[in-house]
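The values are calculated or read from the model by the stated rules, or taken from the named source; none is laboratory data. Just so it is clear, the model here is predicted, and its values are computed rather than measured. When we count neighbours, we look across all protein chains shown, and the Cβ atoms used for this are built from the backbone with ideal geometry, even at glycine.
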Amino acid sequence: MRYKAIKDQYQINRDIRDREIRVISSTGDMLGIMSPFEALRLAEDENLDLVKISPAAVPPVCKIMNYGKFKFEQAKREKENRKNQKTVEIKEIYLSMTIDVGDLNIKAKKATEFLTEGNKVKVSIRMRGRQMGRSSMGVDVMNRFFAMLGGKAVMDKAPLAEGRNIVMLLSPAKQ
């Protein structure tokens, strides 16, 4: 499936229909501007393929190379890039407006773990009943929670009441 995407990206051999192309040899030397027919003949003499590597250039640039090997190395590079990519997850921590200091410490410790792993943390409080009228208490709880993290986090989104929820978004601080 991936090879098909690579093949669609490059024109090879007889698919190249431009009038003139700039040709690079298999060793990397510039052979000059010539017709695709002449370039294809040179590639076939070396038992290699003619691959259009830069179609936007004027004239388009083609290289004489082993297309199968090129395709394999391209797929290998893509796989390596995907492996080195780190996805940032958003972890969520729920607090309550009546949370006690001990519980708040435990939640702060867990948030610190998430942040040291490089994840973002969404801290939320769900207000019930009479708590809706006292959303400022929830914001105070959030600010105390943020202070407990001790500079290990940066506040992306300050605590803000959105309907029944108070939400704050934290990301890891740069060391």
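Below is a table of values for the structure above.
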| quantity | calculated |
| --- | --- |
| Pairs, first over 17 Å from R144 (Cα atoms) in region 161-175, second of a type in the set (G, A, S) and surrounded by fewer than 13 Cβ atoms within 10 Å (Cβ to Cβ), C-beta under 7 Å, six or more apart | P172/G118; A173/G151 |
| Near pairs, Cβ below 9 angstrom, 6+ apart or cross-chain, from region 82-105 (under 12 Å from N119 (Cα atoms)) to any residue that is among the polar types (S, T, N, Q) and surrounded by 15 or more Cβ atoms within 10 Å (Cβ to Cβ) | V88/N119; V88/S171; E89/N119; I90/N119; K91/N119; E92/S124 |
| Residue in region 69-91 that is among the hydroxyl-bearing types (S, T, Y) and surrounded by 15 or more Cβ atoms within 10 Å (Cβ to Cβ) present | no |
| Residue list for region 150-172, restricted to those being touching a helix residue (DSSP H, G or I) at 6+ places or on another chain (Cβ under 6 Å) and either over 17 Å from E89 (Cα atoms) or part of a loop (DSSP other than H, G, I, E, B) (or both) | K152, P159, A161, I166 |
| Those strands (runs of 3 or more DSSP E) lying entirely in region 59-129 with at least 1 residues of a type in the set (D, E, K, R) and more than 30 Å from E20 (Cα to Cα) | 90-95, 120-126 |
| Some residue of region 92-108 being within 20 Å of the chain's Cα centre (by Cα) and either over 14 Å from M148 (Cα atoms) or not aliphatic (A, V, I, L, M) (or both) | no |
| Answer from L160, L149, L104, L170 - the residue that is among the hydrophobic types (A, V, I, L, M, F, W, C), exposed (fewer than 15 other Cβ atoms within 10 Å of the Cβ) and over 30 Å from S26 (Cβ atoms) | L160 |
| Within region 75-84, considering residues that are of a type outside the set (K, R) and modelled with pLDDT under 85, the one nearest to T27 (Cα to Cα) | N81 |
| Residue satisfying condition, being farther than 30 Å from L169 by Cα and touching a Leu at 6+ places or on another chain (Cβ under 8 Å), within set I24, I53, I33 | I24 |
| Options R22, R41: the member that is out of contact with any helix residue (DSSP H, G or I) (no Cβ under 9 Å at 6 or more places or on another chain), assigned to a strand (DSSP E or B) and at pLDDT 80 or above | R22 |
